[in-house]
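What follows is one structure encoded as structure tokens, with my remarks underneath.
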Amino acid sequence: MQIVIVLIGASLLVALGFLAAYLWAVKSGQYDDKYTPSVRILFDENKKAKGTAKK
Amino acid sequence: MEQTELLEKTVNTKTACYHCGDECPDESIKLNEKIFCCNGCKTVFELLDENNLCNYYSIDKNPGATRKYHTKRNYDFLDDHDLKLKLIDFSNDIKTNVTFDIPQMHCSSCIWILENLYNLDNGIISSKVNFLQKKLFITYLEKTTSLKKIVGLLDSIGYEPLLNLEDKKEEKTKSEYKSLYYKIGIAGFCFGNIMLLSFPEYLSINIAQHEELKKIFAVLNIILSLPVFFYSSSDYFISAWKGLRKRIVNIDVPLALGILVLFLRSLIDIAFLNGSGFLDSLAGLIFFLLIGKLFQNKTYETLNFERNYKSYFPIAVTVHKGNRETTIPVEKLVVGERIIVRNNELIPADSILIKGNGNIDYSFVTGEAVPVEKKNGEMIYAGGKQVGGAIEIETIKEVSQSYLTQLWNSKAFKKSSVSEESGITSFSNTISKYFTFGVIVLAIAAGIIWSSNITLAFNAVTAVLIVACPCALALSTPFTLGNTLRIFGKNKLYLKHTHVVEALASIDTIVFDKTGTITENGAANVKFIGKDLSQEEFRFIKSSVRNSTHPLSLAIFNFVQEEKILSSDKYSEQPGKGIEAKFGGTILRIGSKHFVDEQIADENLSTKVYVSINNEALGYFEITNKYREGLSELISNLEKDYGLALLSGDNEGEKENLRKFFGYDNEFHFRQSPHDKLSFVEELQKNGKKVLMFGDGLNDAGALKQSNIGLSISDDTNNFSPACDGILDSKSFNRIKDFIAFSKTSKKIIVASFILSFVYNVIGLSFAFSGTLSPLIAAVLMPVSSISAVVFTTLSVNISAKKKGLL
């Protein structure tokens, strides 16, 4: 039955990892704005578009 | 939710401005294939095009804000060091962080252009948008650019920031929000693991031969429960303690008692009695309670309920020094300074008129809709708005001591929150007093019955306290009210807090402001009474009022249906009197009776504009308020159940018109100053009335604050509205009755769910009283009662909302 203790320890470690990831996400502000990133991801990066106006 | 509210402009593509989507008068302003409504819009396009930022136009169609009515502002005041320190978030002399409010933000294109600002100004290191809060966070290099330049840039592309000096307190609510997320995360983590480690208990697996294992599980459970008890549940202990110190037994008192007993009993169980405790129930309970809290804390981030007079004031004024004009922050304005006030600008301090024709609109302060004429040397009070040409004034009082600001010294503004001071205690707090008392009596009774056996007595007493912990009770209120708040939000009534829903149910008197509240802003009913006018005569009238900025002129201009506009040969406007215009051989005079110089009819208080052509009196335009749609229906519905009253800053001119809506039983008060309004509400409250006040402007702010619930009505919810408990979109004005009725329904649902949770408590108590509450029963009973309370309230709120047509 000793193996159970090892398994419990391992499972707790994994769970703690997820908890840490969650806390980091909150701290880094990912829960502050739940809308804008969903729009931002659709923008093309560094794409320069020239209008048809000519100088 | 907000994302669906993104402006979808339905645009006629033929004449729509490429930049803003407004209809173009003609196709004269053109750049290649693109047509613009005004030169302002074209300038923005050119600027963006030059910097290769035309993606702006491909993400959303016609994303810009119209530049037709835009006047260039002078941002010199942003070079003022003290003012700058108040606006920026952080600076280390090299880099500076600043946050702007940008109300015009409305679509994906806006996000894109604002996050690409570094292409327009290479001093900007980064710019980031929070769309729901309509905020823009900018980091810039002090050496390369300046605050003034950035604000100027934003203004020039149509995103003029709202400069406000008192936004700093928002930081606090943000960190509160974060700490709730932390608490939920930790409670959830511990709850899951404790349950896992309690599984042998649930399944009655005999692990007696592994004594060691059992001990390890128990110790792990205790370790996992520590952060839940000491961190996640701390709010409940703090709130209970605060309540007790004020001698109030709020709902958190029995909760905190239950949590404390759960924890201590579990520790004793594990340490001395070889039991396994109730730590899973403890963690689960707190996890659910915090979820309920998160649900209740729904806030409308873009709306601001706390605005005071300062947010109405400009943050800078134009001063005249020597021969130079410059702008300085309003706080640096001293007595004796000469300032220039242009069309539609607010007077920041009590002053004397020096130069120009004063035509002051005091509707902000008094509610009186018609501007007052002022002559040189006359006193002008702060809060008035100049209509017409620029004037020069000299300040005689400091901003903080002006007439307008005195209102804010009233004690109504000192009270903090609805729940504590409005005199309406929430239902759950009323119940919890009796509840706590009952639980303690029961616990003592259980202790006495089993007094022969100490262990059994301890078990029974603690079990009673644990089972009676009002978790279902504590959950049903936030879920019911939170749901109600969301349903109101969908129907465009935005309440500041869930307390307001409960308070709304106990209202018995409703007070309305007149101007802007029951009348439509900027709309008027115009009627011409007199001789039949020819088309040509109407054309003269329309042509002559066109050049005037007076609101009555505007009303007449909009009223007269005439396409062709003539240019007058001679034109003069005498402020406060009227207009004289000459078209060929015809002289037209339009204005006050005295100005038109005729004895036509009796003086009446309603607003009349007289007309004469070539000294022949033709009649007058009668201009009356336009009332909101559905007003009479709403009033006749409300009249049956509530006391109604009407307060107005205007004169009695509209009295007879109002009688049609309000009948003869309700109170009318005219010529009410902001102070009068406040004391009227106060008087009602002294007579034991619970007052709901509807207002719209700064002049109602005192009364809104004083009343049990103050709701402000707004045509555009992003606009300024005075400090209040909620903002009602004017489109939902005729549904007020439904809202009040629904708040009553919510209250009934809370009562019903309380009864439900009492049933659970009785079942639990029967176990507890006999001293046979096993961890398994507790672990089942607690989540079942909590979840059923949540399901019951959520379903019943939604079903009854559907029945009432609110969903």
I'm trying to understand the selection: among the residues of segment B:725-754, which are open to solvent by 10 Å² or more (accessible area, probe 1.4 Å), hydrophobic (A, V, I, L, M, F, W, C) and closer than 20 Å to B:ARG486 by Cβ? B:ALA741, B:ILE749, B:ALA752
Kindly evaluate B:CYS24 against the criterion of being within 10 Å of chain A (Cβ to nearest Cβ) and out of contact with any His (no Cβ under 9 Å at 6 or more places or on another chain). no
Report yes if B:ASN274 is surrounded by fewer than 13 Cβ atoms within 10 Å (Cβ to Cβ) and not in a helix (DSSP H, G or I), otherwise no. yes
When residues of segment B:520-564 are filtered for being under 37 Å from the mean Cα position of the chain (by Cα), more than 17 Å from B:GLY591 (Cα to Cα) and modelled with pLDDT of 80 or more, how many remain? 0
Only one of B:ARG73, B:ARG67 is closer than 23 Å to B:THR145 by Cα, assigned to a loop (DSSP other than H, G, I, E, B) and touching a helix residue (DSSP H, G or I) at 6+ places or on another chain (Cβ under 7 Å); which? B:ARG73
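Rundown of residues vs (1) at positive phi; (2) within 13 Å of chain A (Cβ to nearest Cβ); (3) of a type in the set (Ser, Thr, Tyr), yes/no style:
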| residue | (1), (2), (3) |
| --- | --- |
| B:ILE113 | no, yes, no |
| B:ASP121 | no, no, no |
| B:ILE124 | no, no, no |
| B:ILE138 | no, no, no |
| B:GLY152 | no, no, no |
| B:GLY158 | yes, no, no |
Condition first: open to solvent by 60 Å² or more (accessible area, probe 1.4 Å) and either over 22 Å from B:LYS626 (Cα atoms) or among the β-branched types (Val, Ile, Thr) (or both). Can you find one or more residues in segment B:554-561 that meet it? no
Please enumerate the residues belonging to segment B:755-765 that are open to solvent by less than 70 Å² (accessible area, probe 1.4 Å) and closer than 21 Å to B:ILE448 by Cα. B:ASN761, B:GLY764, B:LEU765
Answer yes or no: is there a residue in segment B:484-506 that is among the polar types (S, T, N, Q), touching an Asp or Glu at 6+ places or on another chain (Cβ under 8 Å) and open to solvent by less than 10 Å² (accessible area, probe 1.4 Å). no
Which of the residues spanning segment B:219-236 are more than 16 Å from B:GLY185 (Cα to Cα) and buried (at least 16 other Cβ atoms within 10 Å of the Cβ)? B:LEU220, B:ASN221, B:ILE222, B:TYR236
Going through (1) surrounded by fewer than 17 Cβ atoms within 10 Å (Cβ to Cβ); (2) farther than 19 Å from B:LEU290 by Cα; (3) of a type in the set (Val, Ile, Thr) one by one, B:VAL249 fails only at (1)
With the checklist (1) in the same structural domain as B:PHE288 (by TED's automatic domain parsing); (2) surrounded by fewer than 24 Cβ atoms within 10 Å (Cβ to Cβ); (3) not small (Gly, Ala, Ser) in hand, flag the one item B:PHE528 doesn't pass. (1)
Could you go through segment B:32-39 and let me know if any residue there is part of a strand (DSSP E or B), in contact (Cβ under 8 Å) with a residue 40 or more places away in the chain and either more than 7 Å from chain A (Cβ to nearest Cβ) or open to solvent by 50 Å² or more (accessible area, probe 1.4 Å) (or both). no
Does B:PHE758 satisfy the condition of being assigned to a helix (DSSP H, G or I) and either modelled with pLDDT of 85 or more or assigned by TED's automatic domain parsing to the domain that holds B:CYS471 (or both)? yes
Condition check for B:SER234: within 27 Å of A:LEU7 (Cβ to Cβ) and more than 14 Å from chain A (Cβ to nearest Cβ): no
Give the residue, chosen from B:ARG265, B:ARG247, that is under 28 Å from B:PHE437 (Cβ atoms), in a loop (DSSP other than H, G, I, E, B) and basic (Lys, Arg). B:ARG247
Exclusive hit being touching a residue at least 24 places away in the same chain (Cβ under 8 Å) and over 24 Å from B:GLY764 (Cα atoms), set B:ILE194, B:ILE222: B:ILE222
Taking segment A:19-37 on its own, how many of its residues are assigned to a helix (DSSP H, G or I) and at the interface with chain B (Cβ under 7 Å from one of its Cβ atoms)? 5
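The values are calculated or read from the model by the stated rules, or taken from the named source; none is laboratory data. Bear in mind the structure is a predicted one, so any value in this text is a computation, not a measurement. Here the Cβ is made from the backbone with ideal geometry for all residues, glycine too, and neighbour counts use every protein chain on show. With ligands, DNA and RNA removed, areas are computed over all heavy atoms of the protein, side chains included. Shrake-Rupley method; radii C 1.70, N 1.55, O 1.52, S 1.80 Å.
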